[in-house]
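S.K.: Mind having a look at this structure? Questions to follow.
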Amino acid sequence: MANLLDLFEQQMDGNLLEQLGSQVGINDPQKTKTAAKGAFSVLMGALQKNASTDQGASILSSVLDKDHDGSILDDVMGYVTGAMQPKNTRTVDGAGILSHLLHGTNHDNILSQVANMAGIDKNSSASLLMKLAPIAMGMLGKMKRENNLDENGLRDVLTQTVEPAKKDSMLGGLLGSFLDQDGDGSVMDDLGRMGMKAIFKGFFGRK
């Protein structure tokens with residue numbers, strides 16, 4: 001199964017990096033590339049954490065089927081510039097995705113690590129994570145759809161993406177930053193507070 005981080009890097013060509021940097025306030029393509037790689041690894045690490053339980057993997061699978069089929073990848077440039085507006089707004093709701101995906105983590109620490117790694121400010125780091133979150137979900141959703149992956153298959157893809165990154169001298173430190181309120185890096189505590197129905201209705205998207 002393909003490493004999604006490798007596929008992401010292949011997707012980020014010069015023109016796209018330039019436009020992405022322009023959108024998030026980074027004027028140096030190399031800094032944009034470094035920050036994007038770090039931010040994407042953060043998103044993959046968070047997804048892996050949240051899919052580490054059977055319940056979490058089931059919810060992720062359902063959300064991908066409903067809101068993230070990979071169609072965003074048909075026009076990534078259009079998404080980055082805002083020219084592409086899908087019918088399902090949750091497909092591109094980066095803020096909504098992050099609010100659930102990084103729930104309970106030390107957001108400031110994550111943003112600082114990405115910013116320091118690439119030599120950018122935290123505002124740009126935050127904007128970049130928000131911009132890349134729908135792409136990350138779209139890539140995983142496309143992988144799921146094209147390979148008919150079940151929950152275990154999703155876990156395998158995420159593991160094969162995240163584990164090599166943990167050994168990377170640049171990315172390894174970022175991937176230890178996902179702790180929820182109980183310190184286990186999972187959003188499953190939300191089930192008790194919000195209920196399963198609410199989670200399936202609103203997970204990774206604004207209500």
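Rule-based calculations on the coordinates, nothing more; no lab input. The model shown is predicted, which means the values in this text are computed figures rather than measured ones. Don't worry about glycine lacking a Cβ; one is built from the backbone with ideal geometry, like all the others, and counts go over all protein chains shown.
S.K.: Tell me yes or no: at least one residue of segment 43-52 is crowded, with 17+ Cβ neighbours inside 10 Å, in contact with a Ser or Thr (Cβ under 8 Å, 6 or more places away or on another chain) and of a type in the set (A, V, I, L, M).
M.R.: Yes, segment 43-52 contains at least one residue that is crowded, with 17+ Cβ neighbours inside 10 Å, in contact with a Ser or Thr (Cβ under 8 Å, 6 or more places away or on another chain) and of a type in the set (A, V, I, L, M).
S.K.: Report whether or not Asn27 is over 15 Å from Gly138 (Cβ atoms) and touching a residue at least 12 places away in the same chain (Cβ under 8 Å).
M.R.: Criteria not met by Asn27.
S.K.: Hey, Lys49 hits all of (1) under 22 Å from Ala118 (Cα atoms); (2) part of a helix (DSSP H, G or I); (3) not polar (S, T, N, Q) but one; which does it fall short on?
M.R.: (1)
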